[in-house]
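Asks: Structure in structure tokens, see below.
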């Protein structure tokens, strides 16, 4: 059974599974490949691959800096179910190093959610991985019709530029009433604190130094005013730069993105039926042990007493640490001296060659 996460900036989960399955087939090894994701990039593709009856819908929305782009979401008309990726409209691929964090808004994800509801969606799964914004979901809420008010009860025209002035939120006109929202994320971070949206994930989006300190203070104040009981400390509030927090304010329930997809493709049964489980990701490291896709797959394989092998672009850490979480062995796919950029370009070829080598061994077992 093959379930490999995407290799970011190189190839998708679906492509990875097809490459390994093809190489195994040439060696006489039968396999079943599924597309897998955890709420980040590839979530739409994983649903559409594993669950029949869906299609892609494309709509014009705004990227984090206000540029009009075309973004897609998954749509199951018979079930009135939509699958949205935060990464599609508000992804880290849009981040401009020279821009300040104040310019980056999650508005586009809100516009995708609005488009899905206007299409008739009664249930929406919002994947919260791969985001490039740190705005506590203020842009998303504004796009859905929320009104942000100051201490005098006056509406703030540009709430993202005046976070410190927000005293209350009016969600009366938000168009998600009667729609079941699910936030798909395997990030358990709160909105604020050392493991929150700003401190933990801000640096990868260009948010550092005094700007990070200021935003952390603003988020803390925002959470106290808009969420006085929980104050942004619910697990998952910090996902996607705080979009998890915003979605919770309008009734969304947090679910493991991996578990949602695993349920769709009947993952446990596939592992049970397999002799060997194949997984992988671009880089396996200490963060992987916090619940990333390959480790979750390895843990399922371990429960089923099945060996689990991982193909990776790079391994950081000792094998023993990963074996303790169910991985039998790890196979870095780069087999020659190269640059990171060239490794990304050659990713598919490198994976195919690694799969050939492993297949040759498996046929001897």
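What follows is calculated from the coordinates using simple rules that are stated; it is not laboratory data. All figures in this text were calculated on a predicted structure; none of them were measured in a lab. Using ideal geometry, Cβ is built from the backbone for each residue, glycine included, and neighbour counts are taken over all protein chains shown.
Asks: With the crude spin-label approximation of a point 7 Å out along Cα→Cβ, what separation in nm comes out for residue 22 versus residue 335?
Replies: Result for the modelled spin labels: 1.6 nm.
Asks: Output the direction-averaged projected area (hull surface divided by four) of the convex hull of the alpha-carbon atoms of the stretch 143-266, in nm². Write out the running numbers ahead of the final one.
Replies: Working: hull surface 34.4 nm².
Mean projected area of the Cα convex hull: 8.6 nm².
Asks: Still on this structure, I have one more. Hey, could you get me the Stokes-Einstein D for the stretch 204-288, Kirkwood radius over alpha-carbon pairs, 20 °C and 1.002 mPa s, rounded to whole µm² s⁻¹? Before the final figure, lay out each step's value.
Replies: Values: Rh = 16.2 Å.
Diffusion coefficient, whole number: 132 µm²/s.
Asks: Compactness ratio of the stretch 87-161: Cα Rg over 2.2 N^0.38 Å, N = residue count? Working shown, then result.
Replies: Values: Rg = 13.5 Å, N = 75, 2.2 N^0.38 = 11.3 Å.
Here the answer is 1.19, to two decimals.
Asks: To continue, here is another question. Return an integer: the convex hull volume of the alpha-carbon atoms of the stretch 308-365, in Å³ per residue.
Replies: On the way: hull volume 5.2 nm³, N = 58.
So the per-residue Cα hull volume is 89 Å³.
Asks: Further, regarding this structure: Please list log₁₀ I(q)/I(0) at q = 0.06, 0.07 Å⁻¹ for the chain, using the Debye equation with identical point scatterers on the alpha-carbon positions.
Replies: Results for the chain at q = 0.06, 0.07 Å⁻¹ read -0.23, -0.31.
Asks: Using DSSP, restrict attention to beta bridges with both residues in the stretch 13-147 and report what percent are antiparallel, rounded to the nearest 5.
Replies: Numbers: 12 of 17 bridges.
Counting only bridges with both partners in the stretch 13-147, antiparallel ones make up about 70 percent.
Asks: When you count, for each residue, the other Cβ atoms within 10 Å and take the mean per peptide, how do 116-125, 51-60, 168-177 rank with the highest first?
Replies: Numbers: 116-125: 18.3, 51-60: 13.6, 168-177: 15.1.
By packing density, highest mean first, the sequence is 116-125, 168-177, 51-60.
Asks: Counting pairs of alpha carbon atoms under 8 Å apart in space and at least six apart in sequence, what relative contact order in percent does the chain give? Working shown, then result.
Replies: Details: 824 pairs, mean separation 65.0, N = 365.
Normalised by residue count, the contact order of the chain is 18 percent.
Asks: Using Cα atoms only, what is the angle between the long axis of helix 347-362 and the major principal axis of the chain, expressed in degrees (0 to 90) to the nearest 10?
Replies: So the inclination is approximately 40 degrees.
Asks: Find how many whole Å separate the alpha carbon centroid of the stretch 218-248 from the alpha carbon centroid of the stretch 339-359.
Replies: Taking the Cα centre of each part, the stretch 339-359 and the stretch 218-248 sit 41 Å apart.
Asks: For the chain, what is the mean residue ellipticity at 222 nm derived from helices alone (per DSSP H run of n ≥ 4: -39500 (n - 2.57); sum divided by total residues; nearest 500 deg cm²/dmol)? Walk me through the intermediate numbers first.
Replies: Numbers: 13 runs with 124 residues, N = 365.
Taking each H run of at least 4 residues, the total per residue is -10000 deg cm²/dmol.
Asks: Further question on the same structure: What is the calculated FRET efficiency for residue 67 to residue 263, with r their C-beta to C-beta distance and R₀ = 25 Å, to the nearest 0.05?
Replies: Working: r = 36 Å, r/R0 = 1.44.
Efficiency for this residue pair is about 0.10.
Asks: With springs only between Cα atoms under 10 Å, which of 104, 16, 320 fluctuates most in a Gaussian network model of the chain?
Replies: It is 320.
Asks: Can you tell me the orientation of helix 209-226 relative to the chain, as the angle in degrees between its alpha-carbon axis and the longest Cα principal axis, to the nearest 10?
Replies: That works out to roughly 70 degrees.
Asks: Can you compute the FRET efficiency between residue 122 and residue 233 using 1/(1 + (r/R0)^6), with r the Cβ-Cβ distance and R0 = 25 Å? Round to the nearest 0.05.
Replies: Details: r = 30 Å, r/R0 = 1.20.
So the FRET efficiency works out to roughly 0.25.
Asks: Rounded to a whole number, what is D in µm²/s for the stretch 20-115 from Stokes-Einstein with the Kirkwood radius over alpha-carbon pairs (25 °C, 0.890 mPa s)? Don't skip to the answer; put the middle values down first.
Replies: Working: Rh = 15.1 Å.
Estimated via Stokes-Einstein, D reaches 162 µm²/s.
Asks: Going by how many other beta carbons lie within 10 Å of each one, how would you line up 62, 162, fewest first? Walk me through the numbers on the way to the answer.
Replies: Values: 62 21, 162 14.
So the residues, fewest neighbours to most, are 162, 62.
Asks: Computed FRET efficiency, Cβ-Cβ of residue 275 and residue 348, R0 22 Å: what is it to the nearest 0.05? The partial results should precede the final answer.
Replies: Values: r = 25 Å, r/R0 = 1.16.
My answer for the efficiency is 0.30.
Asks: In addition: Please pull out the direction-averaged projected area of the stretch 43-258, using the convex hull of its alpha-carbon atoms, in nm² to one decimal place.
Replies: Working: hull surface 43.5 nm².
Across all orientations, the stretch 43-258 yields a mean hull projection of 10.9 nm².
Asks: Just to be sure I understand: of the beta bridges DSSP finds with both ends in the chain, what percent are antiparallel, rounded to 5?
Replies: Details: 17 of 43 bridges.
Here the share of antiparallel DSSP bridges comes out near 40 percent.
Asks: I've got another one for you. Relative to the first principal axis of the alpha-carbon coordinates of the chain, what is the inclination of helix 107-119, with its axis defined by its Cα atoms, in degrees from 0 to 90 and to the nearest 10?
Replies: 80 degrees
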